[in-house]
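J.: One structure coming up, written as structure tokens, with questions to follow.
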Amino acid sequence: IRSCNQVIDLAGDNEEYAKYRGIAKAYRAMLYLDLARLFDPLYAEVDINAETYEQGCIDAQGLTVPIVTEDTTEKIAKDNDRATREEMFNFIFADLAFAEEALADYTSTSITNPDLSVVYGLYARAYLWLGGFEDGFSGELPEGNAAYARAAEYARKAIDAHGGAVMNENEWTSITN
């Protein structure tokens, strides 16, 4: 995440470097998506002053990790609370929206650089995660079946953008291919 933030900061608003910002934001979205999914369901940081341990666990649900961007100073980082699920996914989707626009005409020359198909795949993964919740987000984020429908939409976009095909059962279960 630090490396992504450094690239985003170095590229600045220079349009010549938009694709590099797009690549860095796609990577950052991927990393935060993994962290959000890793820490979101845990009862981490239970408030020791809660009436009961169970209440502390309930209060901690839906918290992910602190968000650190290219603009986060050391002073801000020292008092950077964990983001809620909604804050985190709004942040992830903002990075993906930027990457989608910046990489619209980009053709990757390396399998290590994300292109539009990867961005769409990350959207699909993020919406799949949100499909497992029915929390009543206050913003525009879908959840439950609406999120699953968006995941299917973006999975199809990823397949189409990549130009490949979905593996069949024999390909998936083969131990030699």
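The values are calculated or read from the model by the stated rules, or taken from the named source; none is laboratory data. All figures in this text were calculated on a predicted structure; none of them were measured in a lab. So basically every Cβ, Gly included, is an ideal-geometry build from the backbone, and we count neighbours across all protein chains shown. Remember, those area values only see protein heavy atoms, side chains included, never the ligands or the DNA or RNA. Shrake-Rupley method; radii C 1.70, N 1.55, O 1.52, S 1.80 Å.
J.: Select from the stretch 1-26 the residues that are among the small types (G, A, S) and open to solvent by 20 Å² or more (accessible area, probe 1.4 Å) and write down the one among them that is modelled with the highest pLDDT.
T.: S3
J.: Within the stretch 162-177, can you find the residues that are under 19 Å from V119 (Cβ atoms) and open to solvent by less than 50 Å² (accessible area, probe 1.4 Å)?
T.: Answer for the stretch 162-177, where residues must be under 19 Å from V119 (Cβ atoms) and open to solvent by less than 50 Å² (accessible area, probe 1.4 Å): just G164.
J.: I would also like to ask the following. Out of curiosity, is P114 surrounded by 20 or more Cβ atoms within 10 Å (Cβ to Cβ), assigned to a loop (DSSP other than H, G, I, E, B) and touching a Phe, Trp or Tyr at 6+ places or on another chain (Cβ under 9 Å)?
T.: When the stated conditions are applied, P114 passes them.
J.: Counting only residues that are of a type in the set (G, A, S) and open to solvent by less than 60 Å² (accessible area, probe 1.4 Å), which one in the stretch 126-145 is nearest to the chain's Cα centre (by Cα)?
T.: Only one residue fits best here, namely A126.
J.: Restricting attention to the stretch 64-88, report how many residues are in contact with a helix residue (DSSP H, G or I) (Cβ under 9 Å, 6 or more places away or on another chain) and of a type outside the set (D, E).
T.: Matching residues across the stretch 64-88 total 11.
J.: Among the helices (runs of 4 or more DSSP H) lying completely within the stretch 1-98, list those that include at least 2 residues that are touching a residue at least 40 places away in the same chain (Cβ under 8 Å) and within 24 Å of A124 (Cα to Cα).
T.: Qualifying helices (runs of 4 or more DSSP H): 2-11, 18-39.
J.: Checking Y123 against (1) surrounded by fewer than 18 Cβ atoms within 10 Å (Cβ to Cβ); (2) touching a helix residue (DSSP H, G or I) at 6+ places or on another chain (Cβ under 9 Å); (3) among the hydroxyl-bearing types (S, T, Y): exactly one of these is not met. Which one?
T.: Result: Y123 passes all but (1).
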